[in-house]
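Undergrad: The structure that follows is given in the form of structure tokens.
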Amino acid sequence: MMDYPALAARIAALTDGETDAVALMATVACEMHQSDDRFDWTGFYRVTGPRMLKIGPYQGGHGCLVIPFDRGVCGAAARSGETQLVADVEEFEGHIACASTTRSEIVLPVWNEAGDLIGVFDIDSNRPAAFDQRDAKGLAAILRDVFGARKLT
């Protein structure tokens, strides 16, 4: 079971004083990916245009390069502004299979200090039903602390 308070403390120490969004994303993706063996692909899709996400810093195999807001789990998180917990990706209508090994997924919207959606944070697992509400709460708190509490450049 993930120790979210300890992970949050490590990430806070690693990102202290940093305001560059891409540097923060790279650090968060790396630290998260190394922290839990459920995490097969861990990374960000950045808002780069109207209703468009483009791959950002990540750890794991190749990801999809571009995802419109109207497609997939990442698009659903961006479109709705709500965390998407998917126990079985085969059951999610419109799931984009960037990796054939993905069985479950959690995607959280990422907001900056001004309340603008800057991207989504996506974690894929090769295990079914790998994520739950505890993960959603722990991850959301870390993302809020890193991206929502500082002015990004």
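Only the coordinates and a few stated rules stand behind these numbers; no lab work does. These figures come from a predicted structure and were not determined experimentally. Methodologically, a virtual Cβ is constructed for each residue, glycine included, from the backbone with ideal geometry; neighbour enumeration extends over all protein chains shown.
Undergrad: Suppose only helical runs count, i.e. DSSP H with n ≥ 4. What mean residue ellipticity at 222 nm does that imply for the chain under -39500 (n - 2.57) per run, divided by all residues and rounded to the nearest 500 deg cm²/dmol?
TA: Helices in the chain give a 222 nm mean residue ellipticity of -9500 deg cm²/dmol.
Undergrad: Considering only C-alpha atoms, what is the centroid distance from region 108-139 to region 22-44, in Å?
TA: Value for the Cα centre distance between the two parts: 11 Å.
Undergrad: Take the Cβ-Cβ distance between Ala12 and Asp88 as r, set R0 to 41 Å, and report the resulting FRET efficiency rounded to the nearest 0.05.
TA: About 0.75, to the nearest 0.05.
Undergrad: Find the cysteines in the chain that fail to meet the 4.7 Å Cβ criterion with every other cysteine, and list them.
TA: Cys30, Cys74 - these cysteines have no disulfide-compatible partner (Cβ-Cβ under 4.7 Å) in the chain.
Undergrad: Taking only C-alpha pairs under 8 Å that are 6+ residues apart, what is the relative contact order of region 4-148 in percent?
TA: Once normalised by length, the contact order is 23 percent.
Undergrad: Over all distinct alpha-carbon pairs, what is the Kirkwood Rh of the chain in angstrom?
TA: That comes to 15.1 Å for the chain.
Undergrad: While we're on this one: Rounded, prolate or oblate for region 29-109? Axes are the square roots of the Cα gyration tensor eigenvalues, ordered a ≥ b ≥ c, and the cut-off for rounded is a/c under 1.5.
TA: Oblate, since a/c reaches 1.5 and b/c is not below a/b.
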